[in-house]
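This report concerns only the one structure given below.
A short reminder: the numbers here are calculations on the coordinates, not readings from a lab. No experiment lies behind these values; they were computed from the predicted model shown.
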Amino acid sequence: NISVSLTLVSRSPIINTMMKHSVMLIIVLVLFSGCAGEKKYEYLEGTSQLTGYIGKRIVLEGRISTMPWQHMIDDNPDYRYMEYFDVGEDQLVIYSKEKIDCGGLVRHEGSVIQIEGKSKRPGSDEVYREMQITVEGWECAD
């Protein structure tokens with residue numbers, strides 16, 4: 001909470017009111033000028049922290065996998081490309097709007113999503129959750 005008190009001296013109440021409104025507008029613009037349209041990403045060293053970042057923007061480095069593991073897959077028409085992504089000894093699924101074309105290390109910015117699915121075992125009510133990434137930007141980092 002921010003509290004601002006203004007005391008302006010003018011002989012005209014109209015000018016005094018206009019000055020107060022102008023000063024308040026300037027204060028609001030200054031306070032929020034750094035927030036408009038700014039995308040902030042948190043750099044993560046690995047996948048162990050992903051559950052704490054669901055819905056948040058992150059930066060993660062890894063490689064497009066040559067040996068996919070078994071994962072749940074999300075069907076999101078906005079992200080046409082899916083890749084298995086190795087981060088250290090872990091692997092996750094990432095989705096992008098364009099093909100990620102790097103032969104080595106990839107640094108990507110994206111948002112963490114959580115995918116849920118039921119067990120394949122008949123009669124089991126167990127629910128599985130998996131963290132995945134929707135990629136908003138990427139670059140080859142090698």
Rule-of-thumb check for region 73-128: C-alpha Rg over 2.2 N^0.38 Å? 1.40
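Taking the convex hull of the alpha carbon atoms in region 42-140, what volume per residue do you get, in Å³?
Working: hull volume 10.6 nm³, N = 99.
For region 42-140, the hull spanned by Cα atoms encloses 107 Å³ per residue.
Relative contact order (percent) for region 74-142, with alpha-carbon contacts under 8 angstrom and 6 or more residues of separation?
Values: 117 pairs, mean separation 23.1, N = 69.
Relative contact order for region 74-142 comes out at 33 percent.
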